[in-house]
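Would you mind keeping the following structure in view while I ask a few things?
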Amino acid sequence: MNMGSDRRYQEILDSSGLFNPSWLRIDQKDCAPLPAPEGVDSSTLACLARGFAAIRCFSVLTGSVRKVDPDDIRVEVSPPTAIERLPQRIAELGDDALIAAPDLSAAVVTDSLGYVLVAGTEQFMASVVPNVEWAREDFEHYAGHSLKKSPRKLLEVALRYAPRRRSWRTLSEIPAGSATSENIRLLEIVSQGDIEREYFARQWFETSRRALREKDSPSRAMQHLLDLVSQELENRYPIESTLQEEAGMPGEELKNFARYILTELHKL
């Protein structure tokens, strides 16, 4: 692979233009493919800018990626480009490009076949893709239903970066003993009015933090409903206010809200 004078880029890509597994292992980088049927759009650009800002990277190295034969690529690397100029730079490079932090802690590959690959340290990825497993699942669906001319390449990318854990899409898939199962139990209890508001709120947030620590895997739809509970508690039943009042049983509004969430969860 010929990458000009800066041969560090051989660390990032393999001969097929995908990320080199040995580079991903450095600093335990994570990776996700993103659909890009119309190229890199403004939403994806905003996510990339957030990611590079999170690792205090204010300029990036860029290069056009060209296939020189079936088993090799060439990346023509250019001098650093300020993040503010990244949209213009991508337009100049065309649909096949490599973008990387100068210290190689994060990189992005854009491909004219309809995808973008993002990889980097935990801090970078958390700002670009809030949930890597969801992103991988979404791309898997996209690759399987794409009308692009080269679906085989999209399927190859989807297989290379397949979800490592499948999301829990229904209540029956939630493992017993998980933090998410405990939050479902709390909802069932509060829906019957058998728990004090303060205790429910404290237990809910404590268990939600545990779910993050233990990397629970609710689906996007399930997590949305659980987030609605957190928002309701924060907005209408803050812990601070319950401390100033006598601890009491939940009112009808809270019980009805819990019943509504449980009904929606059972529909999944």
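The values are calculated or read from the model by the stated rules, or taken from the named source; none is laboratory data. Every value quoted in this text rests on a predicted model; they were computed, and no experiment measured them. Ideal geometry is used to build each Cβ from the backbone, glycine not excepted, and the neighbour counts take in all protein chains shown. Only protein heavy atoms, including side chains, enter the accessible area calculation; ligands, DNA and RNA are left aside. Shrake-Rupley method; radii C 1.70, N 1.55, O 1.52, S 1.80 Å.
Given a 1.4 angstrom probe, what's the average accessible area per residue across the chain, in square angstrom?
On the way: 13920 Å² over 268 residues.
Result: 52 Å² per residue.
On the principal axes of its Cα set, how long, how wide and how thick is the chain? Give whole Å, largest value first.
70, 36, 30
Working only with C-alpha atoms, what are the Rg and Dmax values of segment 36-103, expressed in angstrom?
My reading of the Cα-based Rg and Dmax gives 12.4, 37 Å.
I would also like to ask the following. Of the residues Arg164, Arg236, Arg220, which exhibits the maximal mean-square fluctuation in a Gaussian network model of the chain defined by a 10 Å Cα contact cut-off?
Arg236
Cut-off 10 angstrom, C-alpha nodes, Gaussian network model of the chain. Which of Asn20, Asn183, Asn235 fluctuates the most?
Highest fluctuation of the listed residues: Asn235.
Then there's this: For n ≥ 4 DSSP H runs only, could you compute -39500 (n - 2.57) per run for the chain, divide by its residues and tell me the 222 nm figure to the nearest 500?
Numbers: 11 runs with 126 residues, N = 268.
Value at 222 nm, helices only: -14500 deg cm²/dmol.
Counting only residues 5 or more places away or on other chains, whose amide H sits under 5 Å from the amide H of Ala106 once H atoms are built in the peptide plane?
Those qualifying (amide H under 5 Å, at least 5 residues apart or on another chain) are Ala101.
Say we join alpha carbon atoms closer than 10 Å with springs in a Gaussian network model of the chain; which of Ala143, Ala46, Ala106 then has the biggest fluctuation?
So, out of Ala143, Ala46, Ala106, the one fluctuating most is Ala46.
How many nm is it between the label spots at Gln28 and Glu253, if each spot is 7 Å from the Cα in line with the beta carbon?
In this crude label model, Gln28 to Glu253 measures out at 4.3 nm.
Also: Could you check how much of the accessible area of segment 5-96 is carbon and sulfur, as a whole percent, using a 1.4 Å probe?
Working: 2430 of 4840 Å².
That fraction is 50 percent.
Considering only the other residues whose Cβ falls under 13 Å of the Cβ of Thr207, what net charge follows from Lys and Arg at +1 and Asp and Glu at -1? Let's see the in-between values first.
Working: positive: Arg185, Arg202, Arg209, Arg210, Arg213; negative: Glu182, Glu206, Glu214, Asp216.
Result for the neighbourhood of Thr207: +1.
What does the net charge come to around Arg89 if you take all other residues with beta carbon closer than 14 Å to its beta carbon, with K and R at +1 and D and E at -1?
Values: positive: Arg85; negative: Glu76, Glu84, Glu92, Asp95, Asp96.
Computed value for this residue: -4.
Taking the Cα centre of the chain as origin, sum charge times position over the Cβ atoms of Lys and Arg (+1) and Asp and Glu (-1), and report the length of that vector in debye to the nearest 20. Walk me through the numbers before you get to the answer.
Working: 33 positive and 41 negative charges, 154 e Å.
Using Cβ point charges on Lys, Arg, Asp and Glu, the chain gives about 740 debye.
Pairs of alpha-carbon atoms within less than 8 angstrom and 6+ residues apart define the contacts here; what relative contact order does the chain have, in percent? Could the numbers behind the result be given before it?
On the way: 385 pairs, mean separation 46.4, N = 268.
Dividing the mean separation by the residue count of the chain yields 17 percent.
Please list the helices of the chain that count as membrane-span-like by this rule: a mean Kyte-Doolittle hydropathy of at least 0.5 together with Cα atoms stretching 15 Å or more along the helix axis, each helix being a complete DSSP H run. Can you show the working numbers first?
Values: long enough: 42-54 (18 Å, 0.99); 132-145 (20 Å, -1.21); 179-191 (18 Å, 0.41); 197-213 (24 Å, -1.39); 220-236 (24 Å, -0.64); 252-267 (23 Å, -0.69).
Helices meeting the span and hydropathy rule in the chain are 42-54.
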